[in-house]
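One structure is given below, encoded as structure tokens.
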Amino acid sequence: MEELSTLTNVLVDALIYLANGGLLLVYLLASNLPAIVSLASAGFVFLVMDSEVQRRAGFRPQRGGPMGQPGLPERRSVLAQAMDNEGSAGAQPRTAQILTGIVFALWMIAQTGMAAPVPWIGAAMWLVGVIVLLVMPNHQRFNQLWFVKTGLAVYALLVIGSRIYLAYATQLSPEQWAGIIGTAESAAAIIANTKGNVTTIILWALWLVAPLGYFSLLVQQLFVNPMNLVSPLAGAQDVLKRIRERV
């Protein structure tokens, strides 16, 4: 009986430790969920979107056929195969991926230690940017990638700048301003009013103005061109191919 009781206690303790470890992991993931969403979105852009635009930017069509000009059917098949084959694109530039890494590093610096809702707003900006890039036609992704990255970089710099200002403003004492303004009481009142007004403007900019501007411009870029009524998801190369092959 004692051995059975000891075994039962060991099993119960193990389950308690396992449950507590699981809860701790859940709490850690929940507290860092905005950073995780941002990391996943940046990783997808880095590995998929950037790789695609870099492959297209580094693509060099092969010459062949009489006088370097193959027949039209051969030219189409070679071009389509080469565009889909990453190895035939030659040396690829890494500029897009480097820019993504810089923007993500800026955002990690900006959101680390920042109170809600700024980390959640940034994570939503990353996620919505990825979703818009996925539904964009292929020929528009290059410009849209640049817009998404610049929008996130500007927002990250706004967050960093606001944190620097608030950290500096809290270090100023009325005595430091008394020599310029007059008395310490007047300086304290002016500093309090100014700090409150500027902080309100910063919060409005970080919580509402900048994110809404980013999201609205994303939607505008998404619907800037009318939808193709025959094939809504077709890109420019698909439309040209259909025009050339029509009978």
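For the range 51-69, the candidate set comprises residues that are closer than 30 Å to Trp146 by Cα and in a loop (DSSP other than H, G, I, E, B); within that set, the residue that is modelled with the highest pLDDT is Gly58.
The set of residues from the range 190-236 being surrounded by 11 or more Cβ atoms within 10 Å (Cβ to Cβ), modelled with pLDDT under 75 and more than 27 Å from the chain's Cα centre (by Cα) comprises Ile190, Ile191, Ala192, Thr194, Lys195, Asn228, Ser231. Exactly one residue out of Val48, Val26 is under 30 Å from Met108 (Cβ atoms), at pLDDT below 70 and assigned to a helix (DSSP H, G or I), and it is Val26. Within the range 203-222, residues that are more than 15 Å from Leu152 (Cβ to Cβ) have Cβ atoms under 7 Å from residues that are basic (Lys, Arg) and surrounded by 13 or more Cβ atoms within 10 Å (Cβ to Cβ) in no pair, counting only partners at least 6 apart in sequence or on another chain. Screening the range 120-169 for residues that are surrounded by fewer than 19 Cβ atoms within 10 Å (Cβ to Cβ), of a type in the set (Phe, Trp, Tyr) and closer than 20 Å to Gln220 by Cα and picking the one that is modelled with the lowest pLDDT gives Phe142. Among residues of the range 30-48 that are within 25 Å of Arg141 (Cβ to Cβ) and touching a residue at least 60 places away in the same chain (Cβ under 8 Å), those with a beta-carbon under 8 Å from a residue that is assigned to a helix (DSSP H, G or I) and among the hydroxyl-bearing types (Ser, Thr, Tyr) at least six positions away or on a different chain give the pairs Ala42/Thr100; Val45/Thr100.
The values are calculated or read from the model by the stated rules, or taken from the named source; none is laboratory data. A quick note: this is a predicted structure, and the numbers were derived from the prediction, not measured. Backbone-built Cβ (ideal geometry, glycine too); neighbour counts: all protein chains shown.
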